[in-house]
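Following: one structure in structure tokens, then a few remarks.
The values are calculated or read from the model by the stated rules, or taken from the named source; none is laboratory data. All of these numbers come straight from a predicted model, not from anything done at the bench. Neighbour counts run over all protein chains shown; Cβ positions are idealised from the backbone, glycine included.
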Amino acid sequence: MKLVSYSQDKKIHLGIMVHNSIYNLNAINELIPNDMATFLEGGQSMMDKAKLVETSILNDSSIATPISNFNLLAPVPKPSSCRDGYAFRQHVASARKNRKLDMIPEFDQYPIFYFTNHNAIQGPGDIECMPDHFEKLDFELEVAVVIGKKGRNISAKDADSYIAGYMIMNDMSARTLQMEEMILNLGPAKGKDFSTVIGPWLVTPDELEPYKVPAKPNHVGNNYNLTMSCKVNGIEVSRGNMADMDWTFAEIIERCAYGVDIYPGDVIGSGTVGTGCFLELNGTGLLNDPSFKPQWLQDGDTVDMEITGLGVLNNTIKKVDTNFSILALKKI
């Protein structure tokens, strides 16, 4: 299934996409809540009800009317939390090489993650950025999962059953802010907290079965052969594959849930795919050619991310009309 959140008449609703049309689930079955958070809290029972609605529409499209005049939102508009992992070795190795650093051996010992601002989640559409964000503004091409049931101390071999679905994630990054603060060995924080984009819909795991591939050697959990790409202003700048994940989502969830509860509606990102951001691309370009001209996101740029089976996430970068700067507030 492809589940969506959308706004209509200033209210947020839960829908299902069938044959490229969106239907309101609650209007078809009033036992299904009209918001994603409550729906996910209902667990497998709610998923089963939604599946019956999808089957009914597929069998007889006249049973319901598609909705119109709506705005697509982040599939989970208000996640209970948002973590981001570091699963692609290629990205980590390239980024370190570009800084003339050896690959860090700890990457192969355990998966890591950080918490980002779950109140700054966005979906398709405009991304408003402050002037300081445009100091090396970057995209990051990722996959994300949404947790579908509460759990704690989960083994990797069992962790895939906690995944309600998959989405595209763009972990927006203000690199100047990020690099300044991380000198103090804390973060990423302010360079990351202004926007994390997910969407365009939540795809349930059953839809990805045809793409399933084995995890990397010595790793546990589901993985998928899903081509990942990003275009900026219609020009492809990044291409990778989810199958290149070294740490699986199952292994990341195992670490996330150690000694703490994870909840329905928690969002967990994969980390950046190899070539999946300008920071890496610019570093590689300069390493190979000192005259290479770095590229960063600018006001008015369009960012289109596409992942096989997960759709296309479309955004436009917009600059807020203000001169307010926190970079200018530095004491020295």
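So that you can scan it fast, the table gives a plain yes or no per residue for (1) among the hydrophobic types (A, V, I, L, M, F, W, C); (2) in contact (Cβ under 8 Å) with a residue 12 or more places away in the chain; (3) closer than 21 Å to H133 by Cβ:
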residue	(1), (2), (3)
I253	yes, yes, no
G276	no, yes, yes
S291	no, no, no
D301	no, yes, yes
N315	no, yes, yes
T322	no, yes, yes
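Residues being assigned to a loop (DSSP other than H, G, I, E, B), farther than 19 Å from I168 by Cα, in contact (Cβ under 8 Å) with a residue 24 or more places away in the chain and not hydrophobic (A, V, I, L, M, F, W, C): count how many of those fall in the stretch 82-114.
Count: 3.
Evaluate the following for K136: is it within 19 Å of P264 (Cβ to Cβ), touching a helix residue (DSSP H, G or I) at 6+ places or on another chain (Cβ under 6 Å) and not small (G, A, S)?
No: the conditions fail for K136.
Filter the stretch 192-226 for residues that are part of a strand (DSSP E or B) and either at positive phi or of a type in the set (V, I, T) (or both); which is surrounded by the fewest Cβ atoms within 10 Å (Cβ to Cβ)?
V213
Is there a residue in the stretch 242-257 that is surrounded by fewer than 17 Cβ atoms within 10 Å (Cβ to Cβ) and either modelled with pLDDT under 95 or not in a loop (DSSP other than H, G, I, E, B) (or both)? Give the derivation first.
Looking only at the stretch 242-257, we keep the residues that are surrounded by fewer than 17 Cβ atoms within 10 Å (Cβ to Cβ), and these are none.
No: zero hits.
So which residues in the stretch 227-240 are within 14 Å of T308 (Cα to Cα) and surrounded by fewer than 21 Cβ atoms within 10 Å (Cβ to Cβ)?
T227, S229, R239
What about L297, is it of a type in the set (A, V, I, L, M), assigned to a loop (DSSP other than H, G, I, E, B) and surrounded by 17 or more Cβ atoms within 10 Å (Cβ to Cβ)? Even if it seems obvious, please write down each step before you answer.
Numbers: of a type in the set (A, V, I, L, M): yes; assigned to a loop (DSSP other than H, G, I, E, B): yes; surrounded by 17 or more Cβ atoms within 10 Å (Cβ to Cβ): yes.
Spelling it out, L297 is indeed of a type in the set (A, V, I, L, M), assigned to a loop (DSSP other than H, G, I, E, B) and surrounded by 17 or more Cβ atoms within 10 Å (Cβ to Cβ).
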